[in-house]
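Asks: Encoded as structure tokens, here's the structure I'll be asking about.
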Amino acid sequence: MIFDILKRNRYLALMAKGSDSKEKTLAAAAKLFCRQGYHGTALHDILAAGGAPRGSLYFHFPRGKEEIAEGAVALGDKAVRALIAHVAETSRNAEMFVTNLTRGMAANLEASGFREGCPLATTALEVATASERIGKATHEAFAAWERDIAQALVSFGGERKQAATFATAILSQLEGALLLARTYRNLEPMRRAENTLRLLVQSHRERRTGHASRD
């Protein structure tokens, strides 16, 4: 199953009803920032990709490119959270959850021709420390992903007190694998990440089960 985290989630259709030109601009910006970075994307690139008139850009985003980036981060955040939620709802256990999450992200990367990995990583690396607003937005987004992954693990029987640690490990593994796979232009890092994460949750489950049987 291919999850296009910037185009095909249902929430995007709902958001577009509010302001079509604004959402088209944000969707275009999110894709461009993901592919070529914040500094590599000019306002005229966003206008051309989104098809919105120049006047609407300044109407919807009076603070300019930084405000567009904030909106693009929010869009990517909601899309990834929708992906995590969908995978959690359709997985039977923690092993299946990490497997499907990894494969969903890998499929999206491959479908984009290895041009679109994490929708926030490039922007975060480029400007999070230079822009307080964008830094705050990316920080909150990554933290939300960790919380959602942790909650999914708990729902599959994981220990709540350890879920946050495991969620950080899972997200870190996925982010690093996406970067390597995009750089290498093949999915082998994602396959290795999948195997690593599956072993991680399996070993935790086996230790937990072993402890329970001895009590």
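The values are calculated or read from the model by the stated rules, or taken from the named source; none is laboratory data. Keep in mind the model is a prediction, meaning the values are calculated, not measured. Glycine gets a Cβ as well: all are built from the backbone with ideal geometry, and neighbour counts include every protein chain shown.
Asks: Within segment 28-73, how many residues turn out to be closer than 30 Å to residue 104 by Cβ, small (Gly, Ala, Ser) and surrounded by fewer than 17 Cβ atoms within 10 Å (Cβ to Cβ)?
Replies: 5
Asks: Could you count how many residues in segment 82-99 are outside any loop (DSSP other than H, G, I, E, B), among the polar types (S, T, N, Q) and touching a residue at least 40 places away in the same chain (Cβ under 8 Å)?
Replies: Looking only at that region, the number is 1.
Asks: Residue under question is residue 37, and the condition is that it be within 19 Å of the chain's Cα centre (by Cα) and modelled with pLDDT of 90 or more; does it hold?
Replies: Here the answer is yes, as residue 37 does meet what is asked.
Asks: Would segment 198-206 turn up any residue that is out of contact with any Phe, Trp or Tyr (no Cβ under 9 Å at 6 or more places or on another chain) and either among the hydrophobic types (A, V, I, L, M, F, W, C) or in a loop (DSSP other than H, G, I, E, B) (or both)?
Replies: Yes - at least one qualifying residue is present in segment 198-206.
Asks: Does residue 129 satisfy being β-branched (Val, Ile, Thr), in a loop (DSSP other than H, G, I, E, B) and more than 18 Å from residue 27 (Cα to Cα)?
Replies: yes
Asks: Taking the conditions exactly as written (on the phi < 0 side of the Ramachandran plot, in a helix (DSSP H, G or I), hydrophobic (A, V, I, L, M, F, W, C) and over 12 Å from the mean Cα position of the chain (by Cα)), does residue 142 satisfy them or not? Lay out the reasoning, then the answer.
Replies: Values: on the phi < 0 side of the Ramachandran plot: yes; in a helix (DSSP H, G or I): yes; hydrophobic (A, V, I, L, M, F, W, C): yes; over 12 Å from the mean Cα position of the chain (by Cα): no.
Here the answer is no, as residue 142 does not meet what is asked.
Asks: Follow-up question, since we're still on this one. Taking segment 125-139, which residues are without any contact (Cβ under 8 Å) to a residue 40 or more places away in the chain and either over 16 Å from residue 78 (Cα atoms) or in contact with a Pro (Cβ under 9 Å, 6 or more places away or on another chain) (or both)?
Replies: Scanning segment 125-139 gives 125, 128, 129, 130, 132, 135.
Asks: Show the residue pairs that are 6+ apart or on different chains and have beta-carbon atoms under 6 Å apart, the first residue being within segment 101-112 and of a type in the set (A, V, I, L, M), the second being outside any helix (DSSP H, G or I).
Replies: As it stands, the answer is 106/187; 107/2; 109/117; 111/2, since those pairs meet every condition given.
Asks: On to the next question. What pairs can you find where one residue is in segment 49-73 and closer than 27 Å to residue 145 by Cα and modelled with pLDDT of 90 or more, the other is of a type in the set (S, T, N, Q) and not in a helix (DSSP H, G or I), and their Cβ atoms are less than 6 Å apart, with a gap of 6+ or different chains?
Replies: From segment 49-73, the pairs are 66/131.
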